[in-house]
Amino acid sequence: MIRHKSFQPQPAHTLYFIATPIGNLQELSPRALEIMSKVDKIACEDTRVTGKLLHHFNLQKPLIPCHEHNENLASQTIIQAVLQGESIAYVSDAGYPGISDPGQRLIQLALQSDIHVVVISGPSAILNALIGSGLNTERFYFHGFLLPKEGPRLDELKDLYTRKETLIFYESPHRIDSTLKNMLEVFGNRRAVIARELTKLHEEYLRGTLQELVEIDPTSLKGEMVVLVDGNKDEMSIKLSDDELRKLVQNLTETGLSMKDAIRQVSEMTTIQKNYIYKLMHRN
Ligand code: SAM
């Protein structure tokens, strides 16, 4: 067990993790700005993006690139520099480092090296989207990006089917179309929201059902976006694995039911979409 107090009078070695704006640069907090101006160096995901942020606030600092392709090595360099007495802050391109962004490896290494970690709060696409969505904020589940390939993505969604919390996903414009279709197929026609371009000029919330969102022209869904879906409201829904679903359908067909009727019956029993079970039965 290790206890770290964030506000020791003079912590020996400190590494700051700073949340940065997700669009509107005015959302960089005064505290974030103060720390960025006083540290010796800023480690960042993309030196061009952070360079622009610093330029906007008239700051000049040496930058250390630390992104997904060099995070292991760069993290060790940063840790060594902090242990030798340099003060360093880490920022990703937008929002919180470590949230669907690099930073986690650096935090873990810092803690292992007994470095004092201080997180500086700031904007988060997750929370803006959740609050603006109008969906239930009491309990929510953040998934980040879904897998790119359709088969594994459907499996991922199916694993989330019984969750009761509001579901939150990050998505990119080139996959939004197929993601919404997959969500409709697995979750059925639940309430859902797309929150796009948050804090920017073209900020927009599209609130409706998954069926309504699927019908939107996908070319109008540009920029950065968060997809939110109502949690499962069906108290009766049963959590079954794909194998268990297959077995249920097979048992029914063995009693003489047609495949179509067996699928319909299992869908009614489990509240899992017919389409999903149909695909499952016809997958190799
Ligand atoms: N670290 C970031 C955070 O804390 O939110 C997330 C970085 S992740 C690489 C980028 C994804 O976050 C985008 O594809 C989008 O899903 C979401 N995102 C970031 N900024 C956004 C914004 N202004 N509006 C809507 N979604 C945003």
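General remarks:
- Of all residues in segment 145-192 being of a type in the set (Val, Ile, Thr) and more than 15 Å from the chain's Cα centre (by Cα), the one that is modelled with the lowest pLDDT: THR162
- Candidates LEU167, LEU154 - the one that is in a helix (DSSP H, G or I), away from the ligand (no atom under 11 Å from the Cβ) and in contact (Cβ under 8 Å) with a residue 12 or more places away in the chain: LEU154
- Any hit, segment 111-121, residues being under 14 Å from the mean Cα position of the chain (by Cα) and under 26 Å from GLY223 (Cβ atoms): no
- Residues of segment 220-230 that are of a type outside the set (A, V, I, L, M), in a loop (DSSP other than H, G, I, E, B) and over 15 Å from LEU130 (Cβ atoms): LYS222, GLY223, GLU224.
- Flag if TYR205 is of a type in the set (Phe, Trp, Tyr) and not assigned by TED's automatic domain parsing to the domain that holds PHE145: no
- Residues within segment 184-204 that are in a loop (DSSP other than H, G, I, E, B), more than 16 Å from the ligand (Cβ to nearest atom) and touching a strand residue (DSSP E or B) at 6+ places or on another chain (Cβ under 7 Å), tallied: 2
- Flag if GLY95 is under 13 Å from the mean Cα position of the chain (by Cα), farther than 16 Å from TYR205 by Cβ and not assigned by TED's automatic domain parsing to the domain that holds LEU221: yes
- Qualifying residue in segment 207-219 (condition: assigned to a helix (DSSP H, G or I), more than 15 Å from the ligand (Cβ to nearest atom), of a type in the set (Ser, Thr, Tyr) and at pLDDT below 95): yes
- Scanning segment 14-26 for residues that are within 24 Å of GLU203 (Cα to Cα) and more than 10 Å from the ligand (Cβ to nearest atom) gives ILE18, LEU25, GLN26.
- Pairs with Cβ under 9 Å, 6+ apart, first in segment 124-138 and assigned by TED's automatic domain parsing to the domain that holds VAL193 and at pLDDT 95 or above, second among the acidic types (Asp, Glu) and more than 12 Å from the ligand (Cβ to nearest atom): LEU135/ASP230; ASN136/GLU165; ASN136/ASP230; GLU138/GLU165
The values are calculated or read from the model by the stated rules, or taken from the named source; none is laboratory data. Here the structure is a predicted model, which is why all the values come from computation and not from measurement. Note: ideal-geometry Cβ built from the backbone for every residue, glycine included; neighbour counts use all protein chains shown.
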